[in-house]
Amino acid sequence: MMRSIEIVEVGPRDGLQSEPGVMPTAAKIEFIERLIAAGSRRIEVTSFVNPKRVPQMADAEQVLAGLTKRPDVHYVGLVLNRKGFDRAVAAGCNEIGMAVVASDTFNRRNQGVGTDESIAAWLDIAQAARAAGVRAQVTVSAAFGCPFEGEMPIARVVDVARRCAEAGPFEIAIADTIGVGVPTQVTELVAAVRAAVPASVRLRAHFHNTRNTGLANAWAAVQAGVATLDASAGGIGGCPFAPAATGNIPTEDLVYMLTRGGYATGIDLDALIETGKWLQQTLGRPVPGMLVKAGNFPRIVAERAA
Ligand code: ZN
């Protein structure tokens, strides 16, 4: 029997977040609807953060309000504190993702408080989510390395994951936020976190392709037993004007690798490639993903002839 891998589409949030231009709300809604039409059932649609710090996400409430909600889709809102959580629930998100950075320095830069404070906020959010009937998960960010502290000790990541697991989330993710990880590290870290948190907690992995190891890392995670991966359509997520583009792993490329590797994803790859092309037009520049350029294989001959 084919094993299923669930893909969480993060293009509308992690992907767009560092785009230099703000995508109009209507285009964001079209992006999300296209992803759903291609088979995505779990999408990080926006984040509820300070609009002064992340102007791209200032229309979080309007995006949620503009979507035709389907009961079979999880509309995930990323939050960094209780205030963001309250906004996300009010806006109609049926899943909340919280991020806690393994590196204290990075957490302070990103969220204005230390890792311990963010873990405390997560424990409060998880409880509030349960009361509100909204499912909640948490991501341990910079788990493979930090731009300020350098190498991230496995013991530190495991400790943060274990403390986050005390809230009883359905899932914990480990994220290579800056794209420095390699497959051997993935194998090691997944095993360590798996051993440290209860078996009832599912594991998810989040990779960036900054150093071109993203897909190899995704494959290593799957082999290590991870059944859910984050990816962004077209591999967007890096600012084209920044010296170090930091795009997420491209969803099309991931679906191609997994499908031909014998895994079911539920995603219509051709429809997703079309979405990648639409994204290129909408952003006005090429996207990093390779399948958008190279196309699916095998191709349908009749389609090419026509
Ligand atoms: Zn990310």
*asked:* Angle check, please: helix 115-132 long axis (alpha carbons) against the longest principal axis of the chain (alpha carbons), in degrees 0 to 90, nearest 10.
replied: 70 degrees
*Could you work out, for region 145-288, what percent of all Cα-Cα pairs fall into each 10 Å distance bin, beginning at 0 Å and stopping at the bin that holds the largest distance?*
11, 38, 34, 15, 2
*When the helices in the chain are scored as -39500 (n - 2.57) per DSSP H run of 4 or longer and the sum is shared across all residues, what 222 nm value do you end up with, to the nearest 500 deg cm²/dmol?*
-12500 deg cm²/dmol
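Give me the dipole magnitude in Debye, nearest 20, for the chain about the Cα centre, with unit charges on the beta carbon: positive for Lys and Arg, negative for Asp and Glu.
120 debye
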*For region 83-123, how big is Rg over Rh, using alpha carbon atoms and the Kirkwood form of Rh?*
1.04
*How far, in nm, would the chain grow between T25 and T282 when pulled straight, counting 0.36 nm per residue and subtracting the alpha carbon separation?*
91.3 nm
*Cα-projected label distance for E61 with R299, points at 7 Å along beta-carbon direction, nm*: 4.8 nm
*Kindly express, to the nearest 10 degrees and within the range 0 to 90, the angle between helix 269-283's C-alpha long axis and the longest C-alpha principal axis of the chain.*
80 degrees
*Tail weight of P(r) past 19 Å, computed on alpha-carbon pairs of region 105-226, percent*: 46 percent
*Report, to the nearest 10°, how far helix 183-196 tilts away from the longest principal axis of the Cα atoms in the chain, using its own Cα long axis and a range of 0 to 90°.*
40 degrees
*Rounded accessible area per residue of region 3-294, 1.4 Å, Å²*: 39 Å²
*Put a dot 7 Å past each Cα toward the Cβ at R260 and E33; how far apart are the dots in nm?*
3.3 nm
*Length-normalised contact order for region 159-276 - Cα pairs under 8 Å, 6+ apart - percent*: 22 percent
*Under the Debye formula (equal points on every Cα, no solvent term), log10 I(q)/I(0) of the chain at q = 0.07, 0.11, 0.14, 0.16 Å⁻¹*: -0.24, -0.61, -1.03, -1.40
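Under the rule a/c < 1.5 gives rounded, and otherwise a/b versus b/c splits prolate from oblate, where does region 1-128 land using the Cα gyration tensor?
Numbers: a/c = 1.69, a/b = 1.35, b/c = 1.26.
Prolate, because a/c is 1.5 or more and a/b exceeds b/c.
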*asked:* Within the chain, what whole-number % of the accessible surface is contributed by carbon and sulfur, with the 1.4 Å probe and all protein chains included in the calculation?
replied: 56 percent
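Can you give me the relative contact order of the chain as a percent, contacts being Cα pairs under 8 Å and 6 or more apart?
On the way: 608 pairs, mean separation 58.2, N = 306.
Computed value for the chain: 19 percent relative contact order.
Taking GluC sites (Glu not before Pro) that fall in a DSSP loop and have at most 13 other Cβ atoms within 10 Å as cut points, what is the longest piece of the chain between them?
Values: sites that count: E151, E166.
Within the chain, the longest run free of exposed GluC sites (Glu not before Pro) spans 1-150.
In debye, nearest 20, what is the charge dipole magnitude of region 45-145 about its Cα centre with +1 on Lys and Arg Cβ and -1 on Asp and Glu Cβ, if you could check? Write out the running numbers ahead of the final one.
Values: 11 positive and 9 negative charges, 30 e Å.
Rounded to the nearest 20 debye, it is 140 debye.
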*Report the FRET efficiency, 1/(1 + (r/R0)^6), for R108 and R3, where r is their Cβ-Cβ distance and R0 is 51 Å, rounded to 0.05.*
0.80
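The values are calculated or read from the model by the stated rules, or taken from the named source; none is laboratory data. Since the model is a prediction, treat every value here as computed from it, not as a measurement. In this analysis, Cβ positions are derived from the backbone assuming ideal geometry, glycine residues included, and neighbour counts consider all displayed protein chains. The area values use the complete protein model at the heavy-atom level, side chains included, leaving out ligands, DNA and RNA. Shrake-Rupley method; radii C 1.70, N 1.55, O 1.52, S 1.80 Å.
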